[in-house]
2 protein chains.
Amino acid sequence: MSRKEVLVLRDLLGSNKAVAAEIRQQLSARGILVLNLISSPGSGKTTLLEKLSEMLCPEYSMAVIEGDIETERDAERIRAKGIPAWQIMTGGACHLEARMIGRLAPEIPSGLDFLFIENVGNLVCPASFDLGESLRCVLLSTPEGDDKPKKYPKVFSTSDCLLITKTDLVPPLPFDQERARKEALDINPRLMTFAVSAASGSGMKEFVDYLVSRLHSLRRSHA
Amino acid sequence: MSRKEVLVLRDLLGSNKAVAAEIRQQLSARGILVLNLISSPGSGKTTLLEKLSEMLCPEYSMAVIEGDIETERDAERIRAKGIPAWQIMTGGACHLEARMIGRLAPEIPSGLDFLFIENVGNLVCPASFDLGESLRCVLLSTPEGDDKPKKYPKVFSTSDCLLITKTDLVPPLPFDQERARKEALDINPRLMTFAVSAASGSGMKEFVDYLVSRLHSLRRSHA
């Protein structure tokens, strides 16, 4: 990159960071656990959210912000589950930024438990943009292959938890869960790891229990 | 984006375009068909190249430029097939740029038939960077879902051909080839479309025949 490009990138990331900190402070104080879901296209983010809506609600409440380059498709899928959803269309941009979330913050209902942000399908660029989340989750689906953490390290190094998704496809797919997990933990030893199938429900209870415990921790720390 | 960001992006794309045009002119004049393969992580680009090496060689010769953020893994897989491969590690950048290819151009052997460039796994950003290719191919694997073309339109609008990959996984995966193809053709009616499985070999002969016919067209136009 040229010096001018580096300077613009630094400005962009600096101003994003300030907006994100403000969002995190406000939504945490309101007792809302905000999650940023990052993965490649088609790793199962929307299907995971559909399954979570069945498992969390009505005991807990949730809402979803959907990030896509084009189309309102994912928000429509979430709304069909009776869950409030906002669609952000980035119009070409390869990631969400904190100011896009900040514009929606006044619309977030009071008394909400979980706010999920489904980022644009991209395993690279979204990792550089803090959205004000309390938890960042990276999804890696088994068809993508167990060699991805070291090839795309930033998203693994900046996440709080890793979800290996679509585990119902192994076998026949040759995906070594231990290899993927070990590579990810080599990059980031504090990652919480889960292996789930939203289709079969396998592993979902452990992930839901983790989300609920993180919600309670957040509320204790702001009590 | 701010005005400064837009200006930097315009400079970057402008200078990339000029370098790409020079690469295309030089390599086409040498009779080399250059392909730029773009897809999400784990859509099967490297496995496709392994299969192509078995089907094209030794009748034709090929070489591969591998783009990855980190690791030399993909180039090692290609070299294990006896095919020359160069690894470009972008060190964080989410796409290849023409100048990265230009630096390698002097090393490209004379008498080569096909030069495949495997871009960084990312369905978004690589679409904006011409690498000097003669053919751009977008891969969409069946586990990613048949709803992706309209969600990620730019790569489909700028490609010459679409490869639906991993067709051996349908069923059990619910992927409607006709829906995916129709969405892609709505965006770009001149797309050539193929449905392949590098694992079973299904559909590969049609794609190989297309590559060979494009090589001959290139050579006739430069004769």
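Give the span of the stretch A:1-88's Cα atoms along each principal axis, as three whole-Å numbers ordered largest to smallest.
50, 32, 18
I need the helices of chain B that pass two filters: whole DSSP H segments spanning 24 Å or more by Cα along the axis, and mean Kyte-Doolittle score no lower than -1.0.
Helix filter hits for chain B: B:3-29, B:204-221.
Would you tally the net charge around B:Arg136, using a Cβ to Cβ cut-off of less than 15 Å, leaving B:Arg136 out, and scoring K and R as +1, D and E as -1?
Working: positive: B:Lys17, B:Arg24, B:Lys45, B:Lys154, B:Arg190, B:Arg214; negative: B:Glu97, B:Glu118, B:Asp130, B:Glu133, B:Asp160.
Result for the local shell: +1.
For every helix of n ≥ 4 consecutive DSSP H residues, a contribution of -39,500 (n - 2.57) applies; sum these over chain B, divide by its total residues, and give [θ] at 222 nm rounded to the nearest 500 deg cm²/dmol.
The helix-only estimate for chain B comes to -12500 deg cm²/dmol at 222 nm.
Average partner chain C-beta neighbours within 10 Å, per residue of A:33-43?
Mean number of neighbouring Cβ atoms from other chains: 4.
Please average, across the residues of B:74-85, the number of beta carbons from any other chain that are within 10 Å of each residue's own beta carbon, and give a whole number.
0
Which pairs break 28 Å Cα to Cα here: A:Lys81/A:Lys166; A:Lys81/B:Lys154; A:Lys45/A:Lys151; B:Lys17/B:Lys166? Don't skip to the answer; put the middle values down first.
Details: A:Lys81/A:Lys166 21 Å; A:Lys81/B:Lys154 30 Å; A:Lys45/A:Lys151 21 Å; B:Lys17/B:Lys166 33 Å.
Listed pairs above 28 Å: A:Lys81/B:Lys154; B:Lys17/B:Lys166.
On average over all directions, what projected area in square nanometres does the protein assembly as shown have, based on the convex hull of its Cα atoms?
So the Cα hull casts an average projection of 20.8 nm².
Under 18 Å from a point 7 Å along the Cα-to-Cβ line of B:Asp168: which residues of the stretch B:38-57 have their amide N that close?
Answer for this model: B:42-56.
Using only C-alpha positions, report the orientation-averaged shadow area of the convex hull of chain B, nm², one decimal. Please list the in-between numbers first.
Numbers: hull surface 49.8 nm².
The number I arrive at for chain B is 12.5 nm².
Gaussian network model of chain B, Cα springs within a sub-10 Å range: biggest mean-square fluctuation belongs to which of B:Ser28, B:Ser213, B:Ser134?
Highest fluctuation among the options: B:Ser213.
Is there a simple number for the mean count of other chain Cβ atoms within 10 Å of the Cβ of residues in B:142-149, and what is it?
Counting Cβ atoms of other protein chains within 10 Å of each residue's Cβ and averaging gives 5.
Report the residues of the stretch A:192-223 in range of a label on A:Leu185: point 7 Å along Cα→C-beta, backbone N strictly under 13 Å from it.
A:192-195
Return the FRET efficiency for the residue pair A:Glu107, A:Glu59: r is the Cβ-Cβ distance, R0 is 30 Å, and the value is rounded to the nearest 0.05.
Values: r = 23 Å, r/R0 = 0.78.
Result of the calculation: an efficiency of 0.80.
Summing +1 for each Lys or Arg and -1 for each Asp or Glu, what net charge is found among the other residues whose Cβ lies under 12 Å from the Cβ of A:Asp160? Can you show the working numbers first?
On the way: positive: A:Arg136, A:Arg190, A:Arg214; negative: A:Glu133.
Net charge around A:Asp160: +2.
Only the coordinates and a few stated rules stand behind these numbers; no lab work does. Every value quoted in this text rests on a predicted model; they were computed, and no experiment measured them. Cβ coordinates were reconstructed from backbone atoms using ideal geometry, including for glycine residues, and neighbour counts include every protein chain displayed.
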